[in-house]
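The values are calculated or read from the model by the stated rules, or taken from the named source; none is laboratory data. Since this is a predicted model, take the numbers as computed values, not measurements. Positions of Cβ are generated from backbone atoms using ideal geometry, with glycine treated the same way; all protein chains shown enter the neighbour counts. Quick note on the areas: whole protein, heavy atoms, side chains included, nothing else; ligands and nucleic acids left out. Shrake-Rupley method; radii C 1.70, N 1.55, O 1.52, S 1.80 Å.
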Amino acid sequence: MDGLPSCLINEEILWKMLDLQTLCTVACVSKSLRFSVDTEVLPYLDSLDLSIVSIDEHALYHILSRFKSLNTLTLNCQRLYGSSLLPFLAPQIQQLNLFSCSLLSSSVLNSIGTNCPFLRVLAVEFADHGSPPILFRKNVAYMLNKCQYLERLSLKIKGTEVDASAFQSIEFSLPRSIKFLKLKPMLENNAIHLANRLSVSKSPSSSGFVLQFLSLLLDVITDRLLVAIANSLPLLVELHLEDRPDKEPLPGLDLTNGGLHFLGSCHFLTDLSLKRSRQNYQGSFKRINDMGMFLLSQRCKALESVRLSGFSKVSDAGFASLLHTCQKLKKFEVRNAFLLSDLAFHDLIQAPCTLVEVRLLSCGLITSETVKKLAFSRSLEVLDLCGCKSVADSCLSSISCLQRLTTLNLTGADITDSGLSVIGQGNTPISYLCLRGCKRITDKGISFLLCGGGAIAQTLSSLDLGYMPGISDNGILTIATFGREITELCIRSCFYVTDLAMRALATKRRSQDRSKQLCRVDVFNCVGLSADALKLLRKPLFRGLRWIGIGKTHLTSKEDTMITEIQKERPWLTLCMDGCEMQCHDGWQFHSP
């Protein structure tokens, strides 16, 4: 390899494999390849995404100092302070995504405004540190006044008791170029002022706002809010609203059938999400019934994506009206709909829509009959039946015939080993499979799944077996041997998994060249693991591991020195001890520095 001309290496090898992970692997092969990657490829790349790993300031500088032409940067900032970013905030940056900013304060917005005046896309996730909202508002306003070309803005503050007034008066600073806006959380009253301020001018020659996407997390969704949005933002293409009330909304301050009727004024609306969270209060949209759904389906026939949560008074007739009237519907999600049953999907074969994604979450009346009807939609790629406990083996033969299905969630379903045998022999190219809480599945079922000769053994990359008492070391050994494509594995609260299983997962990637490396593993509350299993996280075992959840296990009882040594030895590895779900997507804000 060292004898090949550099032009041949650069043009015929490196530039044809611009995937960063592949380039880094190739750079380890020889000195000439490493020199070529460092000098002829990395300095000219314009985009870098490090969102799947959590790195410290030293590693960040070591990486970014090699990139000279970046205009798009995405980072996981869980271990980064504001000062870490300053050397890389430059006028050439046009797209900046900062996720899991547990250590960053809002002052980073001030720095972004000063150093990135040509920014077009900005997304930041903050953790609530209890700082005064007035300071946050000041930094947001400064940044917006400096970034006059901003088109997409997403700002989130995550925590238990976030002051929702943080985005008060943000409408006065937004540049006219803004088309995409996501703010979380926000008070309903402030959201109304925002909508009125962003009102589209009636004059064609006016240079007013042209907002097309709006996503808000509110204290409550009301009719007056939807009226303000419908009247002021008729060009909206996507509208996502979620509320988290802490008590039952008053009659005049809630969403009703009338509020849904006003959405018909948004003639370009193709994507609608209305959700009432039960995080703070076990409530629902009690003032909306089937009539509201009829009005929505008739007034918004162009909808291609519908996501609804908390519509407890809507029955089969209301949901069926959406399926049959919205002829372009591709994505359909319903959560916590206690009256939704198989009848809503009875005539689905005659419906004009071509569904690509269906999510029916915690809908207790849904059974296998609905799944059989959905299987007639051969274009289905995502099927999420989380919490539908009456779904059983009888529908899995229908699922196994879906040639495009890549995501299947059967959390809590009444599935057995025989059912997994059907999937294991099918032609469905599933890459993500969740069997969490399926108590009738045992190690034998895992063997049926991966050794059945079907497509799934070659396509499955993410497997969730959490809270399954029938899973033990034998099942994990099967995964270690035959799950060649699996890079993400969750076995949280599998009490019969021991060090033997962990050792198999840690070593199997070295002995099978065709196997992909495990990147993320969740063993939270696996009480069968001993403290000695922590040694398996030392190099060279678990090559490629980027995240592992070890909370409520004996691994955390080991002396801090070993954990410190592992973190020093593997700076790219995140050891989560807080019980977060995979990758800490919704829990990083509670981590201690």
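Summary table
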{"read-out": "Contacts under 7 angstrom Cβ, first residue in segment 478-499 being within 18 Å of residue 448 (Cβ to Cβ) and open to solvent by 40 Å² or more (accessible area, probe 1.4 Å), partner assigned to a helix (DSSP H, G or I) and aliphatic (A, V, I, L, M), 6 or more apart", "value": "482/450; 482/457"}
{"read-out": "Within segment 374-412, tally of residues that are among the charged types (D, E, K, R) and either within 17 Å of residue 331 (Cβ to Cβ) or surrounded by 21 or more Cβ atoms within 10 Å (Cβ to Cβ) (or both)", "value": "4"}
{"read-out": "Segment 458-480, subset polar (S, T, N, Q) and touching a helix residue (DSSP H, G or I) at 6+ places or on another chain (Cβ under 7 Å), residue nearest to residue 530 (Cα to Cα)", "value": "472"}
{"read-out": "Pairs, first of a type in the set (Val, Ile, Thr) in segment 297-317, second surrounded by 20 or more Cβ atoms within 10 Å (Cβ to Cβ) and in a helix (DSSP H, G or I), C-beta under 7 Å, six or more apart", "value": "306/322; 314/293"}
{"read-out": "Segment 37-55, residues that are of a type in the set (S, T, N, Q) and open to solvent by less than 40 Å² (accessible area, probe 1.4 Å)", "value": "51, 54"}
{"read-out": "Residues located in segment 548-572, provided they are closer than 27 Å to residue 51 by Cβ and touching a Ser or Thr at 6+ places or on another chain (Cβ under 7 Å)", "value": "550"}
{"read-out": "Helices (runs of 4 or more DSSP H) enclosed by segment 436-516 - at least 3 residues per element that are under 22 Å from residue 406 (Cα atoms)", "value": "443-450, 456-459, 473-482"}
{"read-out": "Selected residue (only one of 374, 361, 365 is in contact with a Lys or Arg (Cβ under 8 Å, 6 or more places away or on another chain) and hydrophobic (A, V, I, L, M, F, W, C))", "value": "361"}
{"read-out": "Hits in segment 61-80 - residues which are within 28 Å of residue 148 (Cβ to Cβ) and either in contact with a strand residue (DSSP E or B) (Cβ under 7 Å, 6 or more places away or on another chain) or not small (Gly, Ala, Ser) (or both)", "value": "64, 67, 68, 70, 71, 72, 73, 74, 75, 77, 80"}
{"read-out": "Residue, modelled with the highest pLDDT, within segment 162-200, restricted to residues that are of a type in the set (Gly, Ala, Ser) and in contact with a Ser or Thr (Cβ under 8 Å, 6 or more places away or on another chain)", "value": "195"}
{"read-out": "Test: residue in segment 354-368 that is open to solvent by 60 Å² or more (accessible area, probe 1.4 Å), assigned to a loop (DSSP other than H, G, I, E, B) and either modelled with pLDDT under 95 or of a type in the set (Gly, Ala, Ser) (or both)", "value": "yes"}
{"read-out": "Subset of segment 442-456 that is of a type in the set (A, V, I, L, M, F, W, C) and crowded, with 18+ Cβ neighbours inside 10 Å - its residue that is farthest from the chain's Cα centre (by Cα)", "value": "448"}
{"read-out": "Flag for residue 439 being open to solvent by 40 Å² or more (accessible area, probe 1.4 Å), touching a residue at least 24 places away in the same chain (Cβ under 8 Å) and among the basic types (Lys, Arg)", "value": "yes"}
{"read-out": "Test: residue in segment 513-522 that is more than 29 Å from the chain's Cα centre (by Cα) and modelled with pLDDT under 95", "value": "yes"}
{"read-out": "Test: residue in segment 56-79 that is at pLDDT 95 or above, open to solvent by 70 Å² or more (accessible area, probe 1.4 Å) and of a type outside the set (D, E, K, R)", "value": "no"}
